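Engineer: My questions all concern the structure below.
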Amino acid sequence: MSWNDPNASSEAQKYDNPIPSRELILSTISEKGEATHQQLAKAFEITDPDQFDALGNRLKAMARDGQVNREGRPYRYRPVTQQDVVTGTVSAHPKGFGFVVLEDMPDLFLHEKQMRWVFNGDTVEAVATSTDNRGRTEGRIVDVVERQQNQFIGTLAKDEEGYCVELGSPNNHQPITLADDHVAALNIKQGAPVKVDVIDWPNQHEFATGKITEVLSDDNDRELIIETTLLNYDIPYEFSEATIKQANDYKEPSDKDTKGRTDLRDLPLVTIDGEDARDFDDAVFAEKRPGGNYRVLVAIADVSHYVTPNSPLDIEAYERGTSVYFPHRVIPMLPEVLSNGLCSLNPNVDRLCMVADIKVSRAGKVTGYDFYPAVMNSQARLTYNQVNDYFADPKDETVPKTLTDNKAVKKSVDTLHQLYDLLLKKREERHAMEFETVETYIKFNEKGGIAAILPRTRGDAHKLIEECMLLANTCAANFALESELPVLYRNHDKPDSEKSLRVHEYAKNFGLSFPEDSPTQADYQRIIEATKDRPDAISIHSMLLRSMMQANYAPDNIGHFGLAYDEYSHFTSPIRRYPDLMLHRAIKAKVTNTQQPAMDFSLDGAGTQTSDTERRAEKASRYVESWLKCHYMKDHVGEDFDGVVTSVTNFGLFVTLTDLYIDGLVHISNVGDDFFVYDEKQQQLIGKDKGTLFGLGDSVRVKVAGVNMDLLQIDFDLKAKLKSSQMNQSKKEQPKKAPAKKTSNRGNGKGNHKKN
């Protein structure tokens, strides 16, 4: 041995043919700055092939453990420094591995061994170690900076090691061990749902230990999964005493509250919302002006009057960022005494509001607007269905008298409908996008189980309210820009080059052109229009949607690509969105010539916070909906259903059940008795021997083969192909007669007006 190793004796005890220790290797690399395997072998005068190979294996292990970085070819090794350490959030996969999610660089892949340290959502410091054979950058956790939660919901289990709480996805990799005497004292049955607090966090050798704080009822799976999701996604759901007190201290509007406000109580303002809506934050009115022009008023609940800056209500609203909507339950941003009470524009009561008073030409162009605080009294609480029924038949006796017997309300609603036609034309001229998608809602039975999964339909009532909200939001953004107000804009950037290229290649399948870079709204709209009547329209448009950037909040306006607006903001929902509340405060201060109070956060920080809480709410809502659908299908394993192929991959067919709108996978091994080849260009699976073809839009019958609740995955077996879509017929399948006309399977839902 020709090297001076302080750990030589311990190395000699471990190995018959010892090599330099990790400490010596690391110090040598540090002295040199960096070194290759060959250079280190030369430095240590290693000539023995076995020792040379052992040195290489040790270097790989040191890279794996985050002691050194390796780059290039041949690998150059250098010490890991503080500059190599990145901070991110752990995203756990149900199969046991995970990722460190980073903002400005590719995520780090975490092996199951690394995941032993952490739970989903934990904030960690990590270093990149190496690249695996799939091209993923592997990572090693250096330290856990912050735990997302210290309380979990799971089920009590027991094995030869003792009792533990088994967690559901995404933390199913991390059981929490319990003391036997603790469980015995509580007299809990195995399989019971429980709430558990972590006492000791996990490490490389031991799982976390915990203490059961509550035994939950398993009578209602729907409520249990929501409680679990709230904890897993770190969503605040209980208001502080100070917040509740502040909310309860407010009373109905008094003369003092209405002083200095424009009095709109005699104006026939009405609310139009869904049947299950409980918070009414927008009311509308429209009238025809001389010369054929229009005046439209969008009155929004004046939440800023009650939620004062830096107060308990404000601090908690900022932390929540948004209301969270689950099937059959809402976690509000504000206490219900405000959200469903004083701030809700309920009928026949005085309410404080902020008004966008907008003038629109007969060509549908905004010619002017004013913003001002007001007091109003809604003359009717109408639903979308009621107004749609009225539009279909003004003499329909089921339409409420608050609409048909109130001449002023009736005239306003008729005018709104006329205005909608104008605004729709302007929307088409801007090439604002209208995708063919289906939005569903879950209908529950009395026991809390799923009774039905139904599509949300959107009639003219939905669309006219949407256009009114868009008007108010754009005018508010324009006012904020011209007045240089400190607000957050709702930005939606154009697709990046990589995503544009993907759509470009995909569009070739339809014989359509699409630019490889810098697409316009018109480019997207051309594909939308060309494919909207295809049976596979929903899957095509879903792909287009996935190519878009995510909308976010930021203090610098860049416009809204999807809606085709140069400037856009959120003004119309301050009850449930914090950016809207911020905008209200800024506009009110400007129009009333008052000083806007300083906030305890920066605008950039507010943009990040509100964007993050919005994503959190969306993920939580999707998770609960997916869980409920999977749970529902557990009771239908072995049953047959009709469906439509909505996606084709090299590993199988994704099928959406026709009547339930639930997605599942037919694995390629269960497609049929043929050897199938995946045609990516045509989005088809083609049988090599028999020529059987499966593609987008095909009607099929499937059997529910199984449901994996951890993966939230439903597996189907293919029973039969019922009908080929017109564009997926092989030569054998082509009819001898003239080709049939395209059939239409157009989706009804195009999203909710409150989500732009």
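Only the coordinates and a few stated rules stand behind these numbers; no lab work does. Keep in mind the model is a prediction, meaning the values are calculated, not measured. Using ideal geometry, Cβ is built from the backbone for each residue, glycine included, and neighbour counts are taken over all protein chains shown.
Engineer: Can you give me the long-range amide H partners of Y441? Hydrogens built in the peptide plane at 1.01 Å from N, cutoff under 5 Å, separation of 5 or more residues or another chain.
Structural biologist: L454, R456
Engineer: Can you list the lysines whose alpha carbon sits under 20 Å from that of K189, skipping same-chain ones fewer than 8 residues off?
Structural biologist: Candidates past the 8-residue exclusion: K158, K211.
Engineer: Would you grab the residues whose amide H sits under 5 Å from the one on F676? Only those 5+ places off in sequence or on another chain, please, with H modelled 1.01 Å from N.
Structural biologist: Close amide H contacts, sequence-distant or interchain: K688.
Engineer: While we're on this one: Compute the label zone of A522 within the range 408-450: residues whose backbone N is under 17 Å from the point 7 Å along Cα-to-Cβ.
Structural biologist: Counting only backbone N, you get 426-434.
Engineer: With the cut-off at 18 Å, tell me which of the pairs K426/K463; K395/K425; K634/K703; K499/K532 have Cα atoms farther apart than that. Walk me through the numbers on the way to the answer.
Structural biologist: Numbers: K426/K463 13 Å; K395/K425 28 Å; K634/K703 12 Å; K499/K532 21 Å.
Cα-Cα > 18 Å for K395/K425; K499/K532; rest within.
Engineer: When only DSSP loop residues count, what trypsin sites (Lys or Arg not before Pro) in the range 644-692 have their Cβ near at most 11 other Cβ atoms within 10 Å? Could the numbers behind the result be given before it?
Structural biologist: Numbers: sites: K681, K688, K690; in loops: K681, K688, K690.
Hits after loop and neighbour filter: K681, K688.
Engineer: State log₁₀ I(q)/I(0) for the range 198-241 at q = 0.22 Å⁻¹ as given by the Debye formula over alpha-carbon point scatterers of equal weight, solvent excluded.
Structural biologist: Relative scattering, expressed as log10 I(q)/I(0), comes to -0.97.
Engineer: Here are some values of Rg and Dmax of the Cα atoms in Å: (1) 29.8, 94; (2) 30.5, 102; (3) 28.1, 97. Which one was computed from this structure?
Structural biologist: The calculated read-out lines up with (2).
Engineer: A follow-up question, please. How high is the relative contact order of the range 494-548, in percent, with contacts defined as C-alpha pairs under 8 Å that are six or more residues apart? The partial results should precede the final answer.
Structural biologist: Values: 43 pairs, mean separation 22.1, N = 55.
It comes to 40 percent, rounded to a whole number.
Engineer: Ok, one more. For a quick check: sort T271, T308 by the number of other beta carbons within 10 angstrom, fewest at the front. Don't skip to the answer; put the middle values down first.
Structural biologist: On the way: T271 22, T308 13.
Fewest-to-most Cβ neighbours within 10 Å comes out as T308, T271.
Engineer: Which value in nm describes the separation of the simple spin-label points at D600 and R456, placed 7 Å from the Cα toward the beta carbon?
Structural biologist: Taking the two extended label points, one gets 3.4 nm.
Engineer: Excluding residues on the same chain fewer than 8 positions from K407, give the aspartates and glutamates whose Cα lies under 14 Å from its Cα.
Structural biologist: Cα-Cα hits under 14 Å: D266, E287.
Engineer: Pairs of alpha-carbon atoms within less than 8 angstrom and 6+ residues apart define the contacts here; what relative contact order does the range 8-79 have, in percent? Don't skip to the end; give the middle numbers.
Structural biologist: On the way: 64 pairs, mean separation 25.9, N = 72.
Here the relative contact order equals 36 percent.
Engineer: Based on other C-beta atoms within 10 Å, arrange L718, L416 from fewest to most. Numbers along the way, then the final one.
Structural biologist: Working: L718 21, L416 25.
Lowest to highest Cβ neighbour count: L718, L416.
Engineer: From the backbone phi of the range 564-571, what are the Karplus-calculated ³J(HN,Hα) couplings (6.51 cos²θ - 1.76 cosθ + 1.60, θ = phi - 60°) in whole Hz, Gly and Pro given as x?
Structural biologist: 6, 10, 6, 9, 7, 8, 10, 10
Engineer: Let me ask something else. Let me understand the range 494-548 better: what is its radius of gyration from the alpha carbons, and its Dmax, in angstrom?
Structural biologist: 10.1, 29
Engineer: Still on this model: Note down the relative contact order for the chain as a percent, whole number, built from C-alpha pairs under 8 angstrom at least six residues apart. Each step should come with its number before you reach the end.
Structural biologist: Numbers: 1466 pairs, mean separation 72.3, N = 756.
Reported as a whole number, the value is 10 percent.
Engineer: Could you name the aspartates and glutamates in cross-link range of K688, using Cα to Cα under 13 Å and dropping any fewer than eight places away on the same chain?
Structural biologist: Straight-distance partners of K688: D673, D674, D679.
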